[in-house]
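See structure below.
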Amino acid sequence: MSGWYYLVDGSVKGPVSHNTMSEMIRFGQIAPDTLVWAKFIDRWTLVKSIEPYKDMFPDKLSTGTESKRRIIRNAKLPDATEDKNDGSHYNTGSDYTYRPRPWVRYWARFFDYAIFGIIMDILAGAVVFTLNPTYVYSGTDGTILHVLYLGLWVFVEAYLLSTWGTTIGKWLLGVSVKDYKGDKLTYKAALNRSLQVWVKGMILGLPFITLFGLIRSYNQLGGKWEKTSWDLHGGYVVRHKKLNFFGVFTVVIVLSGLALLNYF
């Protein structure tokens, strides 16, 4: 049986066994609104919403009845394999999967960066040409600008996630980011997430060094939590729809076109 993790003041604790979790609830160490997660559950969930723990809180259980406590402590959770294959007790809808798709997430983000970079290049070029028509653009200047663009994208992405729940690249590839209740992130939460992606996942977009951040993120998605550190600690939920032809085709054509333009 997979262990349980729980959030306390923004920090992840655990794993603990089912029996330990029951004892912590019984002695008031776990509150009804504590977010918990196990590998066979798709998302962080309020402990009071999970069988059999939801019957352990005072409004559901007479604290003076030791026999009821004993029954709950000995209760068994659903089989982990069955939950992983079915997920009907924990998923909010069959249209989505919460299992990690690192390459889909990578190409969605790369598409967003590419489009935003083009827009910023056009704006920067117009400003520079207006101020100094004789200026000659160099490769070093381009590297510095694109590192700067990644920093600016943090604020744009946060706005899009807090209003749309997704970005253009994520939308095309069926990716969205929600909170544990399935609602859109607040701007503050979205900004916090985007900043962590920029710093921890992209390492500020610094040439070559950013590769280490991407590898670390990939390993986290394939690890025991199947989540990046920022999503795990923040309680953010990345949802995936089934890939569709239009979205994949658009991403491939646009990125291929940009690569050809850069080549020539």
Notebook entry, point to check: If you take the residues of the range 133-164 that are modelled with pLDDT under 95 and of a type in the set (A, V, I, L, M, F, W, C), which of them is surrounded by the most Cβ atoms within 10 Å (Cβ to Cβ)?
Noted result: LEU150
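Would it be correct to say that SER22 is small (Gly, Ala, Ser), at pLDDT below 75 and on the phi < 0 side of the Ramachandran plot? Even if it seems obvious, please write down each step before you answer.
Numbers: small (Gly, Ala, Ser): yes; at pLDDT below 75: no; on the phi < 0 side of the Ramachandran plot: yes.
Spelling it out, it is not the case that SER22 is small (Gly, Ala, Ser), at pLDDT below 75 and on the phi < 0 side of the Ramachandran plot.
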Notebook entry, point to check: Between residues in the range 170-192 that are touching a residue at least 40 places away in the same chain (Cβ under 8 Å) and residues that are part of a helix (DSSP H, G or I) and hydroxyl-bearing (Ser, Thr, Tyr), which pairs lie under 8 Å by C-beta distance while being six or more apart or on different chains?
Noted result: LEU172/THR250; LEU185/SER162; ALA189/SER162
Next item on the list: State which residue pairs qualify: first residue within 10 Å of LYS170 (Cα to Cα) and inside the range 97-123, second residue outside any helix (DSSP H, G or I) and at pLDDT 90 or above in any location, beta carbons under 6 Å apart, and separation of 6 or more residues or different chains.
Entry: VAL104/LEU173; ALA108/LEU173; ALA108/VAL175; ASP112/THR167
Checklist line | Output for the range 102-113, where each listed residue is surrounded by 17 or more Cβ atoms within 10 Å (Cβ to Cβ) and in contact with a Gly (Cβ under 9 Å, 6 or more places away or on another chain) | finding: VAL104, TRP107, ALA108, ARG109, PHE111, ASP112, TYR113
Item checked: Residue satisfying condition, being surrounded by 14 or more Cβ atoms within 10 Å (Cβ to Cβ) and out of contact with any Gly (no Cβ under 8 Å at 6 or more places or on another chain), within set THR210, THR186 -> THR210
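The values are calculated or read from the model by the stated rules, or taken from the named source; none is laboratory data. The structure presented is a predicted model; accordingly, all values stated were derived computationally and were not measured. Note: ideal-geometry Cβ built from the backbone for every residue, glycine included; neighbour counts use all protein chains shown.
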